[in-house]
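Structure record follows, encoded as structure tokens.
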Amino acid sequence: MRAGDVLGRVILVTGKEEFLNQRTVDLAREVVLAHDPEAEVAESPAADLSAATLGELTAPSLFSSTRFVVVRALEHLTDDAAPGLLDYAAHPVDDIALVLVHGGGPKGSGHLTKLRKMATVTEHKSEEPKASEFPGFVTSEVRRHGSTIDNEAARTLVDAVGQDLRSLSAAAHQLTNDFPGEKLTADKVARYFGGRAEAKSFVVADHAFSGRREQALEELRWALDNGTAAVLITSAFAGSARGLARYKGAARGMREADLAKAVGVPPWKLKTIRGQAQSWSDSGLARAIRAVAQADADVKGAASDAAYALERLVLTVAGLRD
């Protein structure tokens, strides 16, 4: 992706795979900032968009003519705001990159149809990986961080972490930091994810989502003291929240193997999720997901406050159960 592919155009990001959608947004932002480090970045939910706010988002500022604008949850675009957005998409401004993110599903499909017909719109569609493709994803993530991993190790990591792309990406990043310059093998993966498994980031999340606040805080502090990356912990929380949401939304009567695949976790993980799901409402999960997103932003934005942000996340999530 180059600056000319983004500026003066509209990037339409679609598909159900949230991690890949966000990666597209991040890549587009990096391209714009590399082109103009002074570019302004703005973001808005589609539900809050109006003709006036769209004009403000896409108008050049006094400080920079280059802008990067993200409109999320396009499926919630209101009928009042749609004409203005579609008109802008047909005639985008040269120094502005507009990224529209649609979360999937049939809602808002009429707007998608119109946008796809425009020559000024480029669509990036994420596809949910098949089970056989997850080891390949791990391999590519490890390569992104300048290292290599053998096939057995990649499969071992998928078995240990599950089929959540965000968690797999964070785990791959952590492993390349733990073994700099070394090829990752199944033994190295087992060394990291074995041993005191209860102190790993995934179990910190399990304690919190099960309402075990004190245990979660204890394991969080142990994990941080022993070098577990903060981003790996927020990733584990995100994976737990998504697993619960997918479990609650899955069809009843499925075989265990099919249910595990639908939820995106190893079969042994279903017992934990099944027990947690009894104490979580849809609204509680929505609030937990927002808390995880905020903690992730805090961790990435101010590393010195990582421990505080994670402790606050534990307390919030543990207190949201019904």
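Couple of notes before you dig in:
- Carbon/sulfur fraction of accessible area - the chain, other protein chains in place, 1.4 Å, %: 51 percent
- Loop-resident trypsin sites (Lys or Arg not before Pro) (DSSP state other than H, G, I, E or B) in the stretch 262-322 with no more than 11 further Cβ atoms inside 10 Å of their Cβ are absent.
- Among ALA97, ALA307, ALA52: highest mean-square fluctuation, GNM of the chain, C-alpha pairs under 10 Å: ALA52
- Applying a length cut-off of 27 Å (Cα extent along the axis) and a mean Kyte-Doolittle floor of -1.0 to the DSSP H helices of the chain leaves 230-249, 282-301.
- Phi angles across the stretch 7-14 convert, under the Karplus curve 6.51 cos²θ - 1.76 cosθ + 1.60 with θ = phi - 60°, into 3J(HN,Hα) values of 6, x, 9, 10, 9, 9, 10, 10 Hz, Gly and Pro given as x.
- Dividing the mean sequence gap of close Cα pairs (under 8 Å, 6+ apart) by how many residues the chain holds gives a relative contact order of 15 percent.
- Dipole of the stretch 79-198 [Lys/Arg +1, Asp/Glu -1 at C-beta], most positive-end residue of ALA119, LEU168, GLY103: LEU168
- Taking one quarter of the surface of the convex hull spanned by the alpha-carbon atoms of the stretch 222-283 gives a direction-averaged projected area of 5.1 nm².
- Kirkwood Rh, angstrom, the chain [1 / mean 1/r, Cα pairs]: 21.2 Å
- Accessible surface, per residue, of the stretch 132-270 when the full set of protein chains is kept, probe 1.4 Å, Å²: 45 Å²
- Solvent exposure, largest accessible area first (probe 1.4 Å, DNA, RNA and ligands not counted), of ASP95, ASP296: ASP95, ASP296
- A cut-off of 5 Å between modelled amide H atoms, ignoring neighbours fewer than 5 places along the same chain, links GLU43 with VAL70.
- Compared with the direct C-alpha span, the chain from ALA257 to ALA42 gains 73.1 nm at full extension, assuming 0.36 nm per residue.
- Close amide H pairs (under 5 Å, H built 1.01 Å from N) link THR148 with LEU184, residues at least 5 positions away or on another chain.
- One chain, two ends: ALA190 and ALA90. Fully extended at 0.36 nm per residue, the span grows by 30.8 nm beyond their Cα-Cα distance.
- Multiplying the residue separation of TYR308 and ALA286 by 0.36 nm and subtracting their alpha-carbon distance yields 5.7 nm.
- Seen through its C-alpha gyration tensor, with square-root eigenvalues sorted a ≥ b ≥ c, the stretch 125-270 comes out oblate because a/c lies at 1.5 or above while a/b is not bigger than b/c.
- Interchain or long-range residues, amide H under 5 Å from HIS124's placed H: LEU12, VAL13, THR14
The values are calculated or read from the model by the stated rules, or taken from the named source; none is laboratory data. As the structure is a computational prediction, the values presented were derived from the model and not from experiment. Glycine gets a Cβ as well: all are built from the backbone with ideal geometry, and neighbour counts include every protein chain shown. Keep in mind that these areas ignore ligands, DNA and RNA; they rest on the heavy atoms of the full protein, side chains included. Shrake-Rupley method; radii C 1.70, N 1.55, O 1.52, S 1.80 Å.
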